[in-house]
Amino acid sequence: MIAVVHHPDYVTEAPARSTYRWGKNGAIRDLLRDEGGRVDWHEPAPMPRAWLEAVHDPDYVAEVLEARVPREKERRTGFPVTPLVARRAQVVPGGTYLAGVLALERGFSANTAGGSHHALANTGAGYCVFNDLAVAAHRLVEEGRVSRVAIVDCDVHQGDGTAALCAGHPQIATYSIHAEKNFPVRKAQSTRDVPLPDGVGDEEYLRVLDATLSDFLDTYRPDLILYQGGVDPFAGDRLGRLALSEDGLVQRERLVARLATERALPLACTVGGGYGDDVMAIAARHVRVILTLGAALAR
Ligand SMILES: [Zn+2]
């Protein structure tokens, strides 16, 4: 069975007009429910404030939790931080952390939200409020559950927030393969960055991912992968600049699963980006990520 982490608070109404698809997480939940007995469900607790503050500026944590984020930061985030959005922002990192704990026990787990890789210490950015990947990684390490964790980010946008928030931490390494000319304009420095030119398709993408991710994992030798499985490298994505096919995305997950299996590495998956008008098609892509990885890695 595939351990899936979900919380009802992930599914909230859109706080305002925004290109972020607020219906996505509910659609992902519904599609996974259709899998019946293949999936076993886990509900996370909200991330305790102290762990949010281990990564984010305490003033910013207070602004979010009290739903009084300054307008300028809300603009950078891409939507207003209402009390509902704040509650969601606190429970999503709890989900990524729980997915990490479950992956250590069972080889694989997936959070039906998260991958908020643009959030920075003192502000949200690019539809991300708190950086669930960085918060979960710090907590898993500090609790002694793992000695080294790798955050592997295959979203089409660079994991700049994750890179910045984990920089210099001796037990956390970050890998990001992304479209070089895409958001964010100013890139941060991950442990390993793999910038790609516009329009890269399946064959080239998979070749570069195989070579660079193998080397990264062998160099860093983590005990756990936290995976940002954004589906925005898809050719039809509104905010992507790469050209992966539906099959190419499936091949990407098979490749990531193979690299993890060869090294006996557990993997916890988060959702990440995926943009366009057809929410169900995007949700189906995210669910294929989860099921492909789960079929290969879940014990
Ligand atoms: Zn993205």
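The values are calculated or read from the model by the stated rules, or taken from the named source; none is laboratory data. The shown structure was predicted, so the numbers you read here are calculated from the model rather than taken from an experiment. Because the Cβ atoms are built from the backbone with ideal geometry, glycine has one as well, and the counts that use them run over all protein chains shown.
Here is how the numbers come out for the structure above:
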quantity: Residue that is farthest from the chain's Cα centre (by Cα), among those in the range 144-162 that are away from the ligand (no atom under 12 Å from the Cβ) and in a strand (DSSP E or B); calculated: Val149
quantity: Criterion (closer than 13 Å to Tyr227 by Cα and either surrounded by fewer than 24 Cβ atoms within 10 Å (Cβ to Cβ) or among the small types (Gly, Ala, Ser) (or both)) met by exactly one of Ser116, Ser190; calculated: Ser116
quantity: Residue among His169, His178 that alone is of a type outside the set (S, T, N, Q) and either assigned to a strand (DSSP E or B) or under 20 Å from Leu265 (Cα atoms) (or both); calculated: His178
quantity: The range 33-53, subset surrounded by fewer than 14 Cβ atoms within 10 Å (Cβ to Cβ) and aliphatic (A, V, I, L, M), residue farthest from Arg106 (Cα to Cα); calculated: Ala50
quantity: Residue selected from the range 100-122 under the condition among the small types (Gly, Ala, Ser) and in a strand (DSSP E or B), by the criterion farthest from Ser147 (Cα to Cα); calculated: Ala110
quantity: Lone unmet requirement of (1) surrounded by fewer than 21 Cβ atoms within 10 Å (Cβ to Cβ); (2) out of contact with any strand residue (DSSP E or B) (no Cβ under 9 Å at 6 or more places or on another chain); (3) assigned to a helix (DSSP H, G or I); (4) aliphatic (A, V, I, L, M) for Ala283; calculated: (1)
quantity: Enumeration of residues in the range 66-87 that are within 21 Å of the chain's Cα centre (by Cα) and of a type in the set (A, V, I, L, M, F, W, C); calculated: Phe79, Val81, Leu84, Val85, Ala86
quantity: Residue ID - farthest from the chain's Cα centre (by Cα), chosen from residues in the range 267-280 that are part of a loop (DSSP other than H, G, I, E, B) and buried (at least 24 other Cβ atoms within 10 Å of the Cβ); calculated: Gly274
quantity: Where a residue in the range 144-158 is closer than 15 Å to Ala173 by Cα and of a type in the set (Ser, Thr, Tyr) and its partner, wherever it lies, is more than 16 Å from the ligand (Cβ to nearest atom) and not in a strand (DSSP E or B), with Cβ under 9 Å and at least six apart; calculated: Ser147/Val141; Ser147/Gln171; Ser147/Pro222; Ser147/Asp223
quantity: Enumeration of residues in the range 132-143 that are over 16 Å from His178 (Cβ atoms) and either in a helix (DSSP H, G or I) or within 14 Å of the ligand (Cβ to nearest atom) (or both); calculated: Asp132, Ala134, Val135, Ala136, Ala137, His138, Arg139, Leu140, Val141, Glu142
quantity: Residues satisfying the stated conditions in the range 192-222, i.e. over 18 Å from the mean Cα position of the chain (by Cα), of a type in the set (Asp, Glu) and either under 23 Å from Ala164 (Cα atoms) or within 14 Å of the ligand (Cβ to nearest atom) (or both); calculated: Asp215, Asp218
quantity: Filtered residues of the range 185-220 (kept if farther than 20 Å from Asp247 by Cβ, touching a strand residue (DSSP E or B) at 6+ places or on another chain (Cβ under 7 Å) and acidic (Asp, Glu)); calculated: Asp193, Asp198
quantity: Filtered residue count, the range 1-24, keeping only those that are modelled with pLDDT of 95 or more and assigned to a helix (DSSP H, G or I); calculated: 3
